[in-house]
Structures are given as C-alpha cells and as structure tokens.
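What follows is a single structure, written as structure tokens, with notes after it.
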Amino acid sequence: MNKFQKKLLYWLFLLSILSPIGILIPNLLNSGDAWGEWDKETVEKMVGFIPKGMENLSSLFKGIFSDYTNIFGEDSPLIIQILSYIISAILGSLVIYILIRLILKFYKNTSEAS
Amino acid sequence: MHIPDGYLSPQTYIPLYGIMVPFWGIALKKVKKVLTSDYIPYIAMSAVFSFLIMLFNIPIPGGTTGHAVGAAVIAIILGPWIAVISISIVLLIQTLLFADGGITALGANCFNMAIIMPFASYFVFKLTNQKSHSKLRIKISSFIAGYIGLLLAAISTAIQLGIQPLIAKAEDGTPLYSPYPLSIAVPVMAFEHLLIFSVVEGLVTMIIVSYFLKYEPESIYSLKQNK
C-alpha cells in the first residue's frame, strides 16, 4: 500500500469516528427516517393501515443487528447509541474491506491460473 | 434510499434482481483487468468510503433524512464498473449486518445505487468535462456528476415505490406494499434531493476528486486519455 493509500485509510478511520454526527444532527433537528424507510408501525400511523404485503414481508429477514444504533439493544440512551454507531461503522468497514480483498484475491488467483 | 422489505411487490423486486445479474457478471469481467496489487486497495477502500458516507444522515428539520452515497466519486476515480461491485457489496453488508435495506429489495437498491448512480454520474462527468485537464472544470464536473447521479437514483427509487399502489393492490383497491403513489413519491424524493441531498453528494464528490487531483491525478479513471 503506497503513502497516499495509507493517507486515505486514516481519513476513512476519521470518518468512522465522526460518524455519530449522522445521528446527532438529525436528533437535534427532530428529523425522522428517510422517506420510504419507515417501519410498518410508522406506516400505520401515517396512512391508517399496514399494507398486507408489507405486513408479510417486513418480518421476513432480520439483520444480525437491527440497526446501526441498536448493537446494545433497542431504545438505548443516546450515549450508547453513539458508541453503537461508531462500532457499527468500524465493524462494517472491516467486514467490507476484508470481504472485498478476499474476493478480489481469490478472483485474481483463479484468473491467473486459467 | 435503502428500500426495506415490504415496500416492493415481487413483480418489482424479482425483475430488478434479474437485471442485476448480467450487470454483476459484466462488472466482474471488467474488474479482472485492474486486479493489480496496488489497485485492489482502492477498490476495497472505495466500498468502505461509500459505507461510511452513508452513515452521515442529513436532516430536513422536522422531516426526513437522506444521505450521500459516494457512487459518483467511485465512478469518476475508479470507473463505473468497479462502482457496481463496490456499492453492491456495501449494500449487501448493510442488509445482512444492519437490516439497512431489505433482502428482497437488494436487487432494487443495487439497481438504483450501484447502476443508475455510477453510470449516470460517469456520463455526466464525461459530458461536462470533455477532455479538459483544467482543475476547476474537473471539480465543477465532479460536483454536477454527483448532484445529478444521486438525483436520478432517488427518482428511480421513487418510481419503484410509487408504482406499487398501481400494480399491487388487494381486491378492495388498497395498496399491498408501499402505499404512496407516483404523484407523491416522485415529487417528494426529487425535491428533497434537488434542494439538499444532491448538493451534499456534489460537494463530497468534488472534494474527494480534488484530493485525488492533488496527490494522485494519474489514477483517476475518467481522466485517462483513451477513456
């Protein structure tokens, strides 16, 4: 990895530490979910019912964590959510980075062999 | 714009998965050409960057939030086909690890953020920059590319959501999935991106491209002579 790439890595690490800005500012300005990303209970509040297909599909799959802020459980205090957010940022980054490097390494080796 | 499970009907999400397959196939073929050990870290870091930038939710006071995606940056610096792979992996991990975006909607989310956005951004960049090497022009082109790329991804998402009440309803006419029609989905998504989120994407794109221009301009895919 050259010098420039190492620089980029530091920036990425800084970004992950600063990521709680992404929940603090919306929190301050009383903003909610992104449009079209509400949970079915919120949809029910907005339109008065839960669409049947949404009712069926929304519980189809649960991620390993339910959100970036919920690593330590739902409805955690803000400080814990911040910690969870940073851990999610770093964990997700590591998983993505390692996964891509593994995939590309494997792909490179198999295409060199052929 | 990570569509959760339950917002799209199978008649929408299955074809969108289907469209992704050839794109993923072609993208993998294209990435073969750049699998050098000095290039691979860029590909991995581009995905990490996209993942991290999507954590920075931008609020509309009292309203919804949005975020930049980073697909324009990746398309300009590494090329749109690498962006297809990077962003797709990000979306996959976001779904599996954090339930950010549904698993049925993964094809749709990839279509919007890993295809529409990178290719739109790339073409807009090439169109506005032409073969210029002027730093100012490159920066402006980057901004516009990011701006329009995210906007188009948002509109694509809005269309997928907005047609649901039309194509998937119960016998009594009530929507089975996303309940808001095109007449709401498209204007809302378009305006919030036109006014705020796309501006952020444009700035992010411009800033990162500027950084590469300063330190490693020769690695920018979209500026290479024969592209």
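Here is how the numbers come out for the structure above:
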{"read-out": "Test: residue in the stretch B:126-141 that is under 21 Å from B:GLU192 (Cβ atoms) and of a type in the set (A, V, I, L, M, F, W, C)", "value": "no"}
{"read-out": "Odd one out for B:SER37, checked against (1) without any contact (Cβ under 8 Å) to a residue 60 or more places away in the chain; (2) outside any loop (DSSP other than H, G, I, E, B)", "value": "(2)"}
{"read-out": "Within the stretch A:55-114, considering residues that are among the basic types (Lys, Arg) and under 25 Å from B:ALA27 (Cβ atoms), the one least open to solvent (accessible area, probe 1.4 Å)", "value": "A:LYS108"}
{"read-out": "Within the stretch B:1-34, considering residues that are in a loop (DSSP other than H, G, I, E, B) and under 18 Å from the mean Cα position of the chain (by Cα), the one nearest to B:ILE93 (Cα to Cα)", "value": "B:HIS2"}
{"read-out": "Checking B:ASP100 against (1) at the interface with chain A (Cβ under 9 Å from one of its Cβ atoms); (2) farther than 20 Å from B:THR12 by Cβ, the condition it does not meet", "value": "(2)"}
{"read-out": "Residue in the stretch A:62-69 that is over 18 Å from the mean Cα position of the chain (by Cα), under 23 Å from B:ALA44 (Cα atoms) and among the β-branched types (Val, Ile, Thr) present", "value": "no"}
{"read-out": "Residue check, B:ALA47 in a helix (DSSP H, G or I), more than 7 Å from chain A (Cβ to nearest Cβ) and buried (at least 22 other Cβ atoms within 10 Å of the Cβ)", "value": "no"}
{"read-out": "Test: residue in the stretch A:26-46 that is open to solvent by 40 Å² or more (accessible area, probe 1.4 Å), within 7 Å of another protein chain (Cβ to nearest Cβ), touching a strand residue (DSSP E or B) at 6+ places or on another chain (Cβ under 9 Å) and in a helix (DSSP H, G or I)", "value": "no"}
{"read-out": "Answer residue from the stretch B:1-44, given it is of a type in the set (Gly, Ala, Ser) and more than 7 Å from every other protein chain (Cβ to nearest Cβ) and is farthest from B:ALA114 (Cα to Cα) among those", "value": "B:SER37"}
{"read-out": "Residue within the stretch A:93-100 that is facing chain B (nearest Cβ under 7 Å) and closer than 22 Å to B:ILE58 by Cα present", "value": "yes"}
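This table checks each residue for (1) β-branched (Val, Ile, Thr); (2) touching a Pro at 6+ places or on another chain (Cβ under 6 Å); (3) part of a helix (DSSP H, G or I); (4) open to solvent by 10 Å² or more (accessible area, probe 1.4 Å).
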{"residue": "B:GLY102", "(1), (2), (3), (4)": "no, yes, no, no"}
{"residue": "B:PHE111", "(1), (2), (3), (4)": "no, no, yes, yes"}
{"residue": "B:THR128", "(1), (2), (3), (4)": "yes, no, yes, yes"}
{"residue": "B:ALA145", "(1), (2), (3), (4)": "no, no, yes, no"}
{"residue": "B:LEU150", "(1), (2), (3), (4)": "no, no, yes, no"}
{"residue": "B:SER156", "(1), (2), (3), (4)": "no, no, yes, yes"}
{"residue": "B:ILE159", "(1), (2), (3), (4)": "yes, no, yes, yes"}
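The values are calculated or read from the model by the stated rules, or taken from the named source; none is laboratory data. This is a predicted model, so every value here is computed, not measured. Note that each Cβ is placed from the backbone with ideal geometry, even for glycine, and that neighbours are counted across all protein chains shown. Side chains included, ligands, DNA and RNA excluded: accessible areas come from the protein's heavy atoms. Shrake-Rupley method; radii C 1.70, N 1.55, O 1.52, S 1.80 Å.
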